[in-house]
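In what follows, a structure is listed as structure tokens, so that the remarks can point back to it.
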Amino acid sequence: MHIDLSALSSNRVYHLMTQTIIPRPIAWVLSLNEDKSHNLAPFSYFNAVCSDPPLMMLSMGKKPDGSAKDTVTNLQVGAECIVHIAHAAQAEIVTRTAASMPYGDSEVTANNVVLTPQEDWPLPRIKDCPIAYYCKVHSIQELGNTPQQLVFVEALSLYVDDRAIQNTEENQQDGRMTIDALAINPLARLGAAQYASLGKVFSKVRPD
């Protein structure tokens with residue numbers, strides 16, 4: 001089947017893209033509301049884009065009523081946030097935090113998400129997440145006929161659960177840290193209401 005995307009509505013294109021660009025990592029983003037409560041929302045239009053400086057991109061659309069998403073409101077240039085990588089067992093609660101709520105209503109409070117403070121950082125992280133990037137907003141762009149906000153965040157520090165670090169002899173020799181992907185078992189986004197966890201993990205060495 002060949003599909004002419006130019007003949008379709010933006011909603012139909014979105015549906016097809018999310019069905020076929022799979023799996024996608026999920027950024028579970030904690031930010032601060034104006035009243036100092038915590039906003040928490042997942043985004044699967046997300047990935048790493050640069051290593052120097054270490055930048056990640058979050059693409060955010062509108063709420064169903066056409067207003068800006070609360071995370072967009074919170075993430076102005078220079079604002080802090082924490083980008084979490086959730087594990088597969090958190091699929092239900094990650095999905096619940098995607099619900100549209102009035103600005104200032106905290107998804108953390110509504111879903112009893114347990115946070116833990118981090119020294120020298122204004123925001124706490126989600127206690128049960130194996131990966132957390134402590135970030136500041138680097139820049140924001142808008143594009144598209146139905147405007148999407150592209151938020152580039154710079155990672156300043158990284159939390160990794162000790163149980164996900166492989167302490168192999170090779171790693172000790174060259175100073176590298178190898179992550180056990182199965183220990184993290186990250187939650188991945190598919191199309192519609194579908195998610196995925198990791199199955200078999202295998203290695204292939206790139207040619208020189």
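Quick one: Karplus J couplings for region 90-106, per residue in order, coefficients 6.51, -1.76, 1.60, θ = phi - 60°, nearest Hz, x for Gly and Pro?
After applying 6.51 cos²θ - 1.76 cosθ + 1.60, I find 8, 4, 5, 6, 4, 5, 5, 6, 7, 5, 6, 10, x, 4, x, 6, 8 Hz.
For the chain, set up a GNM with springs between Cα atoms under 10 Å and report which of ILE165, ILE126, ILE85 has the largest fluctuation.
Among ILE165, ILE126, ILE85, the largest mean-square fluctuation in the Gaussian network model of the chain belongs to ILE165.
Could you go through region 28-37 in sequence order and give the Karplus-derived ³J(HN,Hα) for each residue, using 6.51 cos²θ - 1.76 cosθ + 1.60 with θ = phi - 60°, rounded to whole Hz, and x for Gly and Pro?
9, 9, 9, 9, 10, 6, 4, 8, 6, 7
Let me check against my output: what whole-number percent is the relative contact order of region 23-196, with C-alpha pairs under 8 Å and at least 6 apart?
Working: 358 pairs, mean separation 45.9, N = 174.
Result for region 23-196 is 26 percent.
If neighbour count is taken as other Cβ atoms inside 10 Å, put MET60, MET101 in order from fewest to most. Walk me through the numbers before you get to the answer.
Details: MET60 21, MET101 14.
So the ranking, lowest neighbour count to highest, is MET101, MET60.
³J(HN,Hα) across region 122-130 via Karplus (A = 6.51, B = -1.76, C = 1.60, θ = phi - 60°), whole Hz, x for Gly/Pro?
Computed from phi, the couplings for region 122-130 are x, 10, x, 9, 6, 4, 8, 9, x Hz.
Neighbour counts of other C-beta atoms within 10 Å: give me HIS138, HIS15 arranged from fewest to most.
Details: HIS138 18, HIS15 14.
The fewest-first ordering by Cβ neighbours comes to HIS15, HIS138.
In percent, what relative contact order does region 1-126 have, based on Cα pairs under 8 Å that are 6 or more apart in sequence? Don't skip to the answer; put the middle values down first.
Numbers: 163 pairs, mean separation 32.2, N = 126.
Relative contact order, region 1-126: 26 percent.
Amide H to amide H under 5 Å from SER157: which residues, 5+ apart in sequence or cross-chain, H placed 1.01 Å off N in plane?
TYR134
For the chain, just say rounded, prolate or oblate: build the C-alpha gyration tensor, square-root its eigenvalues into a ≥ b ≥ c, call rounded for a/c under 1.5, and beyond that prolate if a/b exceeds b/c, oblate if not.
oblate
Ranking TRP28, TRP121 by Cβ neighbours within 10 Å, fewest first, what do you get?
Values: TRP28 25, TRP121 14.
So the ranking, lowest neighbour count to highest, is TRP121, TRP28.
Throughout, read-outs are computed from the coordinates displayed, never taken from laboratory work. Note that the structure is a prediction, hence the values are computed from the model and not measured. Every residue, glycine as well, gets a Cβ built from its backbone with ideal geometry; the counts of neighbours run over all protein chains shown.
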